[in-house]
Amino acid sequence: MKELPNKYDPKAIEERIYAAWEKEKLFHADNASGKKVYTIVIPPPNVTGALHMGHALNNSIQDILIRWKRMQGFETLWVPGTDHAGIATQNVVEKSIAKEGLKRDDLGREKFLEKVWQWKESYGSTIIKQLKKLGSSCDWDRTRFTMDEGLSKAVMEVFSRLYAENLLYKGDYIINWCPRCGTALSDEEAEHEEVNGALYHIKYQIKGSAGFEKYLEDYVVVATTRPETLLGDTAIAVNPKDERYAALNGKTAILPLVGRELKIIFDEDVDPLFGTGALKVTPAHDPVDFLLSIKHGLPRVNVMESDASINALGGKYAGLDRFECRKKILEDLETAGLLVEKKDHLHAVGHCYRCHTMVEPRLSKQWFVKMKPLAIEAARVVEDGTVKFYPSRWTKVYLNWMHNIKDWCISRQIWWGHRIPVWYCKDCLKYKNVRDVSVSGPKAEGIFLSTGGEKLEKCPRCGGKDIEQDPDVLDTWFSSWLWPFSTLGWPKKTKDLEVFYPTEALVTAQEIIFFWVARMIMAGLKFGKEAPFKDVYIHGTVRDSSGKKMSKSLGNVIDPLDIINDVGSDALRFSIISITSQGQDVFLSKDKFESGRNFANKIWNAARYVLLNVDEKTLKPDYDISSCTLPDKWIISSFHETVKRVDSSLAEYRFSEAAGHIYDFIWHKYCDWYLEISKLSDDKANTQNILVYILGGVLKLLHPIMPFITEEIWQSMPARPDRWIMKSAWPAADEKAIDRQALSNMENLMGVITAVRNARAFWNININTILEVEIKTDQPGLIFDNRKYIEKLARCTVVKAEPLVARPANSVSAIVDKLQVFIPIGKLVDINEEKARISKKIQELENYLTGIARKLSDENFVKRAPADIIEKERSKQGKFSEQLAALKDNLEAVLG
RNA sequence: GGGCGCGUAACUCAGCGGUUUAGAGUGCUUCCCUUACAAGGAAGAGGUCAGAGGUUCAAAUCCUCUCGCGCCCACCA
């Protein structure tokens, strides 16, 4: 047993403790002993990232679950790792080489990738180190990275299988294109945001008309928000039921500024109520128009380069950026008198989730996963309860997405990532640019897979050497969706996979339900044979105090490392857990961490008191209930109640509730009452026993939330059966140890003490004056046996405790449950001095009551106000009348 | 256009599978440096639970509507 320092200093504790755990290999899981298993996998943070509050919350929760289960005797595995974050990482490295004046094309693919790997080696472990500071008890020996050999194998295997099953295809579709990143994005990667745009009404001439004299004979007006795309128009569409436009049947329009002839088509999908009811059809730059082009066999004219500048098909506008082009086209339309009007128009526009550039819907050849077949199963397991969401409201969000699933665009025009393992034989295909190849099934000729992702030399069909690999890489989520089983060795049939898959719980934020959770469930069912987890706990988003998402660009971040530096990791964890109830968003400000810091300090000091006074020679490993006092029984019962509550709160993922129970027990029961009472003990040995017993118990209860301080104190505990609290046995809630009678008796006792203290404070009686109290009670024995506590803690003597007590002269009274406490104070109070104050108080109450009475006798009010308000006024009246009566009664009694 | 969340004490929030007197932290008032802790202790003030209907013996809690605030999804160009 060693002494605890006077001052609680997290900095002196946390790093040292963590290092000790690591040294003892306490995080490692192998299940050599064949215990029950509890597995969770970390939502892999972005390898370029640094720890932010979202991570802190997310990992605190996971660590609580893991530590709790570990103490409950499970073999726990928490798999850590990072994902390669294709676009984000590539952006970071591009920025870094830009400082040397280089672009990625200057280096070439191989050299550039070398740079990225170098970057990853130097900075990629930042977040891992930070997670350790938080206290996360991951099995670091198993740290995984999505571009590791093993995980890459899994990606290739999955690609091959999907390809073989005809669940992959490559073709021309409208996708979300980020002109800045120069790549396609999935639908989920385009974040819709309201933008103040404009709706332009533009005249299109009817072929054969002389000018713009008569509407619909000479011209038609269309509405658009992106006038620059008119360069790619190939038709005009109106609704067949829209009688206004019936006359257009069979006519052709002329595209302004370009002169191309546009067929006028009729389609139900056109909304007659929007704009003019006539739609310009731009199949290469709009998803709706693209579908129209399929239905009506329209040509598709893609007028943009990959940076969203206008290409050669844009004629004289070629080379202009999309927004410059918009300006120029509007000018030209204006000049030509074709711009009818411009209306302000608020609409939702997609933005790149990595760089926030406005996304351009653009026709492009990309790889897709057919999602419907995967979604059917993934929806089923949630519908039948195999996989449960906490809180349950997310079920609906998830299912809604599953039921409206669209194919997943998985190819990205970047270099950092898993390169698509498809090779093209230029001889067989007679294609120069392999990007232009469409792939619709597994048996396409001249197209072949390298199933392990390895480099191929020649075409297996014709033996030709002019072969080329698909230049694109896969979406990062195409590797992340395999995470729960790829990290355990899949596709190899490993022992780990057998033992640890499927996992128990997934803890994550709502932002990635579609990106990650939904797709993991799909992949788990498809390749892992089972849903990858049973429970999905969705926690809230960490926001600043005004409700904005924390982000570097807004400058409103609270850095968890700063907080750890200020108050310690334990305080950070406790605070953030306390204020996060059931998946509700967290509005954070720095002062929120004070409660955690204060709590840690409180525990430290309480432990110091207990350990300072303990005599190791008389200490026993357990307590003897027969030698226990009422307060002993009370604290033991109360402790077991707390264990029960904490267990059920944790089982339901109610972390803040669990934290609250522990806080309340430690602070307001153990410290405020039991520690104070322990100072009055006659049986020091027994009291110390209980003190230490309860301290050990609460340290265990608290350990999942505050791992460092509990371990540090544990290491100072005498006679602890377990070397590490981290590996110790979780307290078992024992119903038999809960003595309800003791609980209620102690409540009464505390009530009496509070009543006496209250009277002393109210009547301004000096703290050194010993009050003489008489108690009317049915349980005189209870009071007399425990009078010591009342007398010491309330500074009084209990003169009488009997079933029938006449009210002593000059005494105030207080009711506690079924007993009544009389406190004669008349002689102690300078009544003349107090009289004015009490009279004022009485006056206040009387005024208030008169107010209520006036209100209640006011006919208007009684007629007008609803019954429950009147009822409330009445009950207020009753309550205050009672108070007034008691006060008057007491005053009178004191005056004698 | 659909879906979801929130509106409770001065502030930040719990409670919302109906039941004693609606809780916590912070702040505020009074007293106390009592040898674990002033980052503390004791006592206290403070609430038409957004508004309106309804169900019920009983509603902050369940249902409907209204008003504010926030988020997510969606091809109205």
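Please verify whether the stretch A:401-408 includes one or more residues that are more than 16 Å from RNA strand B (Cβ to nearest atom) and out of contact with any Asp or Glu (no Cβ under 7 Å at 6 or more places or on another chain). Within the stretch A:401-408, not a single residue is more than 16 Å from RNA strand B (Cβ to nearest atom) and out of contact with any Asp or Glu (no Cβ under 7 Å at 6 or more places or on another chain). Applying a threshold of 6 Å to beta carbon distances and a minimum spacing of six or more residues, or different chains, the list of pairs starting in the stretch A:2-23 at a residue that is farther than 22 Å from A:Ile563 by Cα and ending at one that is among the basic types (Lys, Arg) reads A:Leu4/A:Arg608.
Only one of the numbered conditions (1) open to solvent by 50 Å² or more (accessible area, probe 1.4 Å); (2) touching a strand residue (DSSP E or B) at 6+ places or on another chain (Cβ under 7 Å) is violated by A:Val507, and that is (1).
In the stretch A:647-693, what residues are among the acidic types (Asp, Glu), over 20 Å from A:Leu793 (Cα atoms) and more than 8 Å from RNA strand B (Cβ to nearest atom)?
Keep residues of the stretch A:647-693 that are among the acidic types (Asp, Glu), which gives A:647, A:652, A:657, A:664, A:672, A:676, A:682-683.
Adding the requirement that they be over 20 Å from A:Leu793 (Cα atoms) leaves A:647, A:652, A:657, A:664.
Residues satisfying the conditions are A:Asp647, A:Glu652.
Candidates are the residues of the stretch A:198-217 that are open to solvent by 30 Å² or more (accessible area, probe 1.4 Å) and not in a loop (DSSP other than H, G, I, E, B); the one that is nearest to A:Glu243 (Cα to Cα) is A:Tyr215.
Test each condition in (1) within 30 Å of A:His703 (Cβ to Cβ); (2) touching a residue at least 40 places away in the same chain (Cβ under 8 Å) for A:Ala85 and report the one that comes out false. Of everything listed in (1) within 30 Å of A:His703 (Cβ to Cβ); (2) touching a residue at least 40 places away in the same chain (Cβ under 8 Å), A:Ala85 misses just condition (1).
Selection over the stretch A:300-322 of residues that are touching a helix residue (DSSP H, G or I) at 6+ places or on another chain (Cβ under 8 Å) and either among the hydrophobic types (A, V, I, L, M, F, W, C) or open to solvent by less than 80 Å² (accessible area, probe 1.4 Å) (or both) gives a count of 14. Just so you know, in the stretch A:224-259 the residues that are among the basic types (Lys, Arg) and modelled with pLDDT under 90 include one that is least open to solvent (accessible area, probe 1.4 Å), and it is A:Lys251. Screening the candidates A:Pro803, A:Pro824 for the property of being away from RNA strand B (no atom under 14 Å from the Cβ) and more than 26 Å from A:Ser839 (Cα to Cα) yields one hit, A:Pro803.
Looking at the structure I just gave you, is A:Gly197 within 30 Å of A:Ile512 (Cβ to Cβ), modelled with pLDDT under 90 and either under 45 Å from the mean Cα position of the chain (by Cα) or away from RNA strand B (no atom under 15 Å from the Cβ) (or both)? Full working, then the answer.
Values: within 30 Å of A:Ile512 (Cβ to Cβ): yes; modelled with pLDDT under 90: yes; either under 45 Å from the mean Cα position of the chain (by Cα) or away from RNA strand B (no atom under 15 Å from the Cβ) (or both): yes.
Spelling it out, A:Gly197 is indeed within 30 Å of A:Ile512 (Cβ to Cβ), modelled with pLDDT under 90 and either under 45 Å from the mean Cα position of the chain (by Cα) or away from RNA strand B (no atom under 15 Å from the Cβ) (or both).
Residues checked against (1) modelled with pLDDT of 85 or more; (2) open to solvent by less than 40 Å² (accessible area, probe 1.4 Å):
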residue	(1), (2)
A:Ile513	yes, yes
A:Ile521	yes, yes
A:Lys548	no, no
A:Asp559	yes, no
A:Leu572	yes, yes
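Taken over the stretch A:744-784, the criterion of being over 28 Å from A:Leu891 (Cα atoms) and either among the basic types (Lys, Arg) or surrounded by 15 or more Cβ atoms within 10 Å (Cβ to Cβ) (or both) is satisfied by A:Asn745, A:Met746, A:Gln779, A:Leu782, A:Phe784. For the criterion of being in contact (Cβ under 8 Å) with a residue 60 or more places away in the chain, charged (D, E, K, R) and surrounded by fewer than 21 Cβ atoms within 10 Å (Cβ to Cβ), A:Glu191 passes.
Residues in the stretch A:269-303 that are near RNA strand B (Cβ under 7 Å from one of its atoms) and under 15 Å from A:Leu255 (Cβ atoms): A:Ala278, A:Leu279, A:Lys280.
Table: residues versus (1) touching a Gly at 6+ places or on another chain (Cβ under 8 Å); (2) within 26 Å of A:Phe27 (Cβ to Cβ); (3) open to solvent by 40 Å² or more (accessible area, probe 1.4 Å).
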{"site": "A:Gly696", "(1), (2), (3)": "no, yes, no"}
{"site": "A:His703", "(1), (2), (3)": "no, yes, no"}
{"site": "A:Pro718", "(1), (2), (3)": "no, no, no"}
{"site": "A:Trp724", "(1), (2), (3)": "no, yes, no"}
{"site": "A:Ala729", "(1), (2), (3)": "yes, yes, yes"}
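Restricting the first member to the stretch A:563-580 and to residues that are among the acidic types (Asp, Glu), and the second to residues that are within 12 Å of RNA strand B (Cβ to nearest atom) and in a helix (DSSP H, G or I), the beta-carbon pairs closer than 6 Å and six or more apart or on different chains are A:Asp570/A:Ala600; A:Asp570/A:Ile709. Taken over the stretch A:603-623, the residue count meeting the criterion of being within 16 Å of RNA strand B (Cβ to nearest atom) and either surrounded by 14 or more Cβ atoms within 10 Å (Cβ to Cβ) or of a type in the set (Gly, Ala, Ser) (or both) is 11.
When we screen A:Lys111, A:Lys99, A:Lys103, A:Lys36 for residues that are without any contact (Cβ under 8 Å) to a residue 60 or more places away in the chain, touching a strand residue (DSSP E or B) at 6+ places or on another chain (Cβ under 8 Å) and farther than 26 Å from A:His539 by Cα, the only hit is A:Lys36.
So, in the stretch A:252-277, exactly how many residues are at positive phi and among the aliphatic types (A, V, I, L, M)?
Start the filter on the stretch A:252-277 by keeping residues that are at positive phi, which leaves A:257, A:259, A:275, A:277.
Those still in the list that are among the aliphatic types (A, V, I, L, M) too: A:257.
Number of matching residues: 1.
Determine whether A:Glu268 is out of contact with any Ser or Thr (no Cβ under 6 Å at 6 or more places or on another chain) and open to solvent by 30 Å² or more (accessible area, probe 1.4 Å). Yes, satisfied. For A:Gly101, the criteria (1) part of a loop (DSSP other than H, G, I, E, B); (2) in contact with a Phe, Trp or Tyr (Cβ under 9 Å, 6 or more places away or on another chain) hold in every case but one, which is (2). Here the stretch A:727-769 is the region considered, the condition is being in contact with an Asp or Glu (Cβ under 8 Å, 6 or more places away or on another chain) and outside any helix (DSSP H, G or I), and the residue that is farthest from RNA strand B (Cβ to nearest atom) is A:Ala729.
Looking for whichever is in contact with a Gly (Cβ under 7 Å, 6 or more places away or on another chain) and either on the phi > 0 side of the Ramachandran plot or buried (at least 20 other Cβ atoms within 10 Å of the Cβ) (or both) here; the options are A:Phe665, A:Phe639, A:Phe655. Which one fits? Give the steps one after another, and end with the answer.
Working: A:Phe665 fails: in contact with a Gly (Cβ under 7 Å, 6 or more places away or on another chain); A:Phe655 fails: in contact with a Gly (Cβ under 7 Å, 6 or more places away or on another chain).
Only one candidate passes the filter, namely A:Phe639.
Please name all residue pairs, on different chains or six or more residues apart, with Cβ atoms under 6 Å, provided the first residue is in the stretch A:539-554 and is touching a residue at least 12 places away in the same chain (Cβ under 8 Å) and the second residue is within 8 Å of RNA strand B (Cβ to nearest atom) and aliphatic (A, V, I, L, M). So the pair list comes out as A:Gly540/A:Val586; A:Val542/A:Val586.
Each residue in the stretch A:670-692 was checked for being open to solvent by 20 Å² or more (accessible area, probe 1.4 Å) and closer than 18 Å to A:Lys602 by Cα, and 4 pass. Of all the criteria given as (1) surrounded by 20 or more Cβ atoms within 10 Å (Cβ to Cβ); (2) modelled with pLDDT under 90, the one not satisfied by A:Asp734 is (1).
Could you tell me whether any residue of the stretch A:410-432 is of a type outside the set (Ser, Thr, Tyr), under 28 Å from A:Thr146 (Cα atoms) and at pLDDT below 90?
Taking every residue of the stretch A:410-432 in turn, none turns out to be of a type outside the set (Ser, Thr, Tyr), under 28 Å from A:Thr146 (Cα atoms) and at pLDDT below 90.
Among the residues of the stretch A:580-595, those that are within 6 Å of RNA strand B (Cβ to nearest atom) and either assigned to a loop (DSSP other than H, G, I, E, B) or open to solvent by less than 10 Å² (accessible area, probe 1.4 Å) (or both) comprise A:Ser581, A:Gln582, A:Gln584.
The values are calculated or read from the model by the stated rules, or taken from the named source; none is laboratory data. It should be emphasised that the depicted structure is a prediction, and the values quoted were computed from it without experimental measurement. Every residue, glycine as well, gets a Cβ built from its backbone with ideal geometry; the counts of neighbours run over all protein chains shown. Remember, those area values only see protein heavy atoms, side chains included, never the ligands or the DNA or RNA. Shrake-Rupley method; radii C 1.70, N 1.55, O 1.52, S 1.80 Å.
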